[in-house]
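Okay, so here's the structure we're looking at.
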Amino acid sequence: MKTIKDIQEEVRIFVENSGSVSGYYSPMILASLLKVLLNLSDIFTNFYNFKKTSKLEYKKIEEEIEYLLFNIICLANNHGIDLEKILNNVVSNLT
């Protein structure tokens, strides 16, 4: 099983090899995060307004969370943040 550090490294390599001019350009990452959060907000608004939720909407939730995690990893990589360390800190503070 991959660790969070492994995944951060894979994303780092992907971004470096993507040929993207912006790379880890923080404003672009933040804009993408906001877009994903707005999409999730729309999906959950429908869900909690008791509209019938289809399997397709659950798939959309899953896809948006994937994008959210990817963007968080990019943001963390851009600023040298070890996500594994901070997630372990959060979990250890819960107990």
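Worth pointing out:
- For the range 49-58, the count of residues that are in contact with a helix residue (DSSP H, G or I) (Cβ under 7 Å, 6 or more places away or on another chain), free of Cβ contacts under 8 Å to residues at least 60 places away in the same chain, surrounded by 12 or more Cβ atoms within 10 Å (Cβ to Cβ) and not small (Gly, Ala, Ser) is at least one.
- Elements of type helices (runs of 4 or more DSSP H) contained in the chain, each with 3 or more residues being on the phi < 0 side of the Ramachandran plot and among the basic types (Lys, Arg): 55-78
Each value in this text was obtained by applying a stated rule to the coordinates, not by laboratory testing. In this text, all values refer to a predicted model and were calculated from it rather than measured experimentally. For neighbour counting, all protein chains shown are included, and Cβ atoms are generated from backbone atoms with ideal geometry for every residue, glycine included.
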